[in-house]
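Taking it in order: structure first as structure tokens, then the write-up.
The values are calculated or read from the model by the stated rules, or taken from the named source; none is laboratory data. Please read all numbers here as calculations on a predicted model, not as lab measurements. Neighbour counts run over all protein chains shown; Cβ positions are idealised from the backbone, glycine included. Protein only, heavy atoms only, side chains kept; ligands, DNA and RNA dropped before computing areas. Shrake-Rupley method; radii C 1.70, N 1.55, O 1.52, S 1.80 Å.
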Amino acid sequence: MTFPNTKRKILISLVILNLTLVFGVICALYMNKPIAHSKMASRTNQYIITNVPKETIKKNIEQAPANYSWDEVKPLDPDEVISTPAPTPEEMPVIAGIAIPELGINMPIVKGLDNIGLYYGAGTTKENQVMGQGNYGLASHHVFGIQGATNLLFSPLEYAKNGQKIYLTDKENVYTYTIVNIERINPHRTDVLDDPKSKDTAIVTLITCTDTYAQGRILVQGVLTDKTSYDNASENIKSAFKQKYNIWQQ
């Protein structure tokens, strides 16, 4: 026979146990993002363009395989970032770098839309893209932190403004684009990656999500306004490609 006081104690114990489990889950979810973001920042820093030899870049452009299937791109998963080791150079076929100093962006450009590459860099959106020609398209994740506190990957594009400079380099040349168009668009707008009608016009198109459910896209486009050799680039531009992320990302 179970006495009333014993029943009450069992009930209280179960309530406390459930609350403890719920609290533990909440803490785990709360802590996972900062841990994942710190790993992402550290791994992105490893592959910024100043850390990749020119010979490797050339080899990746010419030989590295690439996947361009948008359907195979998965949402960013903090648990996967935490549980998987840092990507190898084969998993991160760096072919260039992108820097937007006014937005704090400096990250590698990887060949194709492979999920590992998109975790730590920007992926090229179509085959045979050439910097300084046509429409050079790049895509990356929008990383949502605790109350939005992150500047990783293409997250800062939500603060882009017309007139800001976008720098691309393959360590041979630096291509300067000036932002001229910022839009919120439907995810199915593939026309934004079409080449300009005029062959004399070259643009860059940057794409990221507007929300965690990828229901919209942020589109930032710039027009080519300058080209110079990498060795002769200004110190301000070279510094932009050396900028590292704070590993204590929220």
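Distant-in-sequence amide contacts of C209, defined by a placed amide H-H separation under 5 Å and a gap of 5 or more residues or a different chain, comprise H142, I218. Stokes-Einstein diffusion for region 117-250 at 10 °C, viscosity 1.306 mPa s, with a Kirkwood radius from C-alpha pairs, works out to 101 µm²/s. The trypsin sites (Lys or Arg not before Pro) of region 95-175 that DSSP puts in a loop, and whose beta carbon has at most 11 other beta carbons within 10 Å, are K161.
The length gained on full extension between N246 and T84, counted as 0.36 nm times the residue separation minus their Cα-Cα distance, comes to 56.3 nm. Each peptide in 174-180, 117-123 receives the mean, over its residues, of other Cβ atoms within 10 Å, and ordering these scores from highest gives 117-123, 174-180. Taking θ as phi - 60° and the Karplus parameters 6.51, -1.76 and 1.60, the scalar couplings of region 34-41 work out to x, 5, 4, 5, 5, 5, 4, 4 Hz in sequence order, x denoting glycine and proline. Cα centroids of region 178-250 and region 26-89: 19 Å apart.
Taking 13 Å as the straight-line reach from the Cα of K39, the aspartates and glutamates in range (excluding those fewer than 8 positions away in the same chain) are D77, D79, E80. Rounded, prolate or oblate: which fits region 51-97 when a ≥ b ≥ c are the square roots of the eigenvalues of the alpha-carbon gyration tensor, with rounded for a/c under 1.5 and prolate only if a/b beats b/c? Cα axes put region 51-97 in the oblate bin. For the set R189, R217, R184, R43, solvent exposure ranked by accessible area (probe 1.4 Å, protein chains only) runs largest to smallest as R184, R189, R217, R43. Over 27 Å between C-alpha atoms is what I'm after, so list which of K58/K197; K111/K242; K74/K111; K33/K171; K58/K161 land there. As for pairs spanning more than 27 Å Cα to Cα, those are K58/K197; K33/K171; K58/K161. The DSSP beta bridges internal to region 138-250 are antiparallel in roughly 95% of cases. Dimensions of region 115-190 along the principal axes, based on C-alpha atoms and rounded to the nearest Å, stand at 39, 31, 29, largest first.
Surface composition of region 117-239: carbon plus sulfur atoms contribute 43% of the solvent-accessible area (1.4 Å probe, protein chains only, all chains present). If R0 is 45 Å, the Cβ-Cβ spacing of I35 and Q63 corresponds to a FRET efficiency of close to 0.85. Rolling a 1.4 Å probe over the protein heavy atoms leaves M131 with an accessible area of roughly 20 Å².
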